[in-house]
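A.B. asks: Just dropping this structure here.
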Amino acid sequence: MLEYSGEKLNVFQGLSPKSLIKRYGSPLYVYNEKIIRENCRKMKSLVSYHNFNVHYSAKANSNLAILQIIRDEGLMVDAMSPGEIFAEMEVGFTPKQILYVANNVKKEDMLYAIERGILMSIDSISQLEQYGELNPGSKVALRFNPGVGDGHNKKTITAGKGTKFGIEISIENIVQIREICKKFHIKIVGVHMHIGSLFTNSAVFIESVKIICGVSRNFDDLDFIDLGGGFGVPYRKQEGEEGLNLPKLREDLDQLLYAFARIYGKDIEFKIEPGRFIVAESSAILGTVTSIKRNYGIKFVGTDIGFNAFLRPAMYDAHHDIEIFSQSKGPKLVEKVHIVGNICENSDNLGENRMIPQTKEGNIVAVMDTGAYGHVMSSNYNNMLRPAQVLIRHNSQPVLIRERDRIEDLISKDIPIEL
Ligand code: LLP
């Protein structure tokens, strides 16, 4: 196993962004293997409770090379779709190491998991009934909605009132679940929750763990309780933002986990399923400054990182620190600018009112912390090419882990008609 010194790691690991762009083209996702490995280890040692496992939530980044590293670190995985299951099995995850977290899925998708012996977490009574018909005599996990949620944006809160996720905790629902289980001889082996994505204060998470432990006592045959993901990372490092307080989280969680195991009378397994925490800070997307202009009093720095390449700022108003790399040496004037992309929509904004050193066309720009929900949310909108992905290995060598789209790819699935 590779050992790391614990020093503060930098995504580029001493390599020049300019030379990476020169070699692989612009824009370009750059990832750092060491950072991914370190984050895997931080999550694996989140608690001292011994029966504890981490499932990486592959929706954050499902590139095969990234999945390989995570598997090598001994994590298991979650899947949201047959497509994620497929990618995970391609890199060697076994069915037992995969949890299929299914939200409103079709019967074909259920069958994909059933045929491979992959456990599902089911998120409604309606889907439990369908599952029972398809796979009587089997085992499942159930996702409950603890009634409270958290996240960086309304769009990423996945529990509490007004959200479509999980089964509401009520006596009637528990009774109905029991009836369905009896009818189809189904055993509930797991209870699952996920309150949302990106909390940096763990108070709501801890509250929801208590609630989910409470509902778990209704089930006698549990092997595990899955507490979900959502563990936040600091996106405003330039302003000194700190990350999650892991020692505090460890203390709070340990107490609850040990207490539950005592009451339940079994050293039940606890799982978490982080995505963002593992990969977000391992990456930056590099691009090139393509134009500079002033429009009615605002200075715009145009780049080739459109929201087809990186969607989070346009979709969630998400903040990402931005760095500029210029070739010219010496002090530069700092100025306030809007940094934008090359898509024909006004939401195509990487950062508004950013204070950056004066820049010019051809400079390299880095949008930081793009390893989670970056490339996986990219698209071909405006018939743009999705960027390549490069991994800086532990020995500081960059390797290509996904090619840039080719222009022919853009029309490869279209079927022209006869005229
Ligand atoms: N488990 C379940 C059931 C989930 O739905 C998710 C994320 C996770 C785990 C992992 O959450 P994480 O640890 O990564 O926060 N595209 C949004 C984030 C959407 C998260 C969806 N579910 C963004 O860019 O902020």
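The values are calculated or read from the model by the stated rules, or taken from the named source; none is laboratory data. Since the structure is predicted, the reported quantities are computational estimates derived from the model, not experimental observations. Note that each Cβ is placed from the backbone with ideal geometry, even for glycine, and that neighbours are counted across all protein chains shown. Side chains are part of the model used for accessible areas, which takes the heavy atoms of the whole protein and leaves out ligands, DNA and RNA. Shrake-Rupley method; radii C 1.70, N 1.55, O 1.52, S 1.80 Å.
A.B. asks: Working out 0.36 nm times the residue gap between Ala203 and Gln130, then minus their Cα-Cα distance, what length gain in nm do you get to one decimal?
C.D. replies: 22.7 nm
A.B. asks: Return the carbon/sulfur percentage of the accessible area of the stretch 1-114, one whole number, probe 1.4 Å, all protein chains in place.
C.D. replies: C and S atoms contribute 52 percent here.
A.B. asks: List the residues of the stretch 98-120 whose backbone N lies under 19 Å from a point placed 7 Å from the Cα of Glu168 along the Cα-to-Cβ direction.
C.D. replies: 104
A.B. asks: Is the stretch 47-163 rounded, prolate or oblate when judged by the Cα gyration tensor, a ≥ b ≥ c being the square roots of its eigenvalues, rounded requiring a/c under 1.5 and prolate requiring a/b larger than b/c?
C.D. replies: oblate
A.B. asks: Applying 1/(1 + (r/R0)^6) with R0 = 22 Å to the Cβ-Cβ distance of Phe86 and Lys107, what FRET efficiency is obtained, to the nearest 0.05?
C.D. replies: So the FRET efficiency works out to roughly 0.80.
A.B. asks: Out of all DSSP beta bridges in the stretch 273-348, what portion is antiparallel? Express it as a percent rounded to 5.
C.D. replies: 65
A.B. asks: Any idea what angle helix 171-184 forms with the longest principal axis of the chain, computed on alpha-carbon atoms, 0 to 90 degrees, nearest 10?
C.D. replies: Rounded to the nearest ten degrees, it is 80.
A.B. asks: HN-Hα J couplings of the stretch 91-106 from phi, Karplus 6.51/-1.76/1.60, θ = phi - 60°, integer Hz, Gly and Pro as x?
C.D. replies: 8, x, 5, 8, x, 5, 8, 10, 10, 8, 8, 9, 10, 6, 8, 7
A.B. asks: Still on this structure, please answer the following. In square angstrom, what is the accessible area per residue of the stretch 194-295 with a 1.4 angstrom probe?
C.D. replies: Accessible area per residue: 40 Å².
A.B. asks: What FRET efficiency, computed as 1/(1 + (r/R0)^6) with R0 = 35 Å and r the Cβ-Cβ distance, is obtained for Lys329 and Arg393, rounded to the nearest 0.05?
C.D. replies: Plugging the Cβ-Cβ distance into 1/(1 + (r/R0)^6) gives 0.70.
A.B. asks: What's the extension gain from Lys360 to Gln238 if we count 0.36 nm per residue and subtract their Cα-Cα distance?
C.D. replies: 41.8 nm
A.B. asks: Moving on to the next point. Of the trypsin sites (Lys or Arg not before Pro) in the stretch 179-270, which ones lie in a loop per DSSP and count no more than 16 other C-beta atoms within 10 Å?
C.D. replies: Counting only loop positions with at most 16 other Cβ atoms within 10 Å, the trypsin sites (Lys or Arg not before Pro) in the stretch 179-270 are Arg217, Arg236, Lys266.
A.B. asks: For the stretch 1-149, what does the accessible surface come to per residue with a 1.4 Å probe? Please give it in Å².
C.D. replies: Using a 1.4 Å probe on heavy atoms only, each residue of the stretch 1-149 averages 40 Å².
A.B. asks: At 1.4 Å probe size, put Met384, Met355 in order of accessible surface, largest to smallest.
C.D. replies: Sorted descending by solvent-accessible area, the residues read Met355, Met384.
A.B. asks: In Å², and per residue, what accessible area does the stretch 315-409 have when probed at 1.4 Å with the other protein chains present?
C.D. replies: 51
A.B. asks: Dividing the Cα convex hull volume of the stretch 278-327 by residue count, how many Å³ per residue is that?
C.D. replies: Looking at the stretch 278-327, the number lands at 118 Å³ per residue.
A.B. asks: Same structure again: If the viscosity is 1.002 mPa s and the temperature 20 °C, what translational diffusion coefficient in µm²/s does Stokes-Einstein give for the chain when Rh comes from Kirkwood over Cα pairs?
C.D. replies: So the translational diffusion coefficient is about 93 µm²/s.
A.B. asks: What percentages, rounded to whole numbers, describe P(r) for the stretch 314-367 computed over all alpha carbon pairs with 10 Å bin width beginning at zero?
C.D. replies: Reading upward from the zero bin: 22, 53, 22, 3.
A.B. asks: Tell me, what is the percent relative contact order of the stretch 293-419, built from C-alpha pairs under 8 Å that lie six or more residues apart?
C.D. replies: Rounded, it is 25 percent for the stretch 293-419.
A.B. asks: Next up: Rounded to a whole number, what % of the accessible area of the stretch 195-301 do carbon and sulfur atoms account for, probe 1.4 Å?
C.D. replies: Of all accessible area on the stretch 195-301, carbon and sulfur atoms account for 47 percent.
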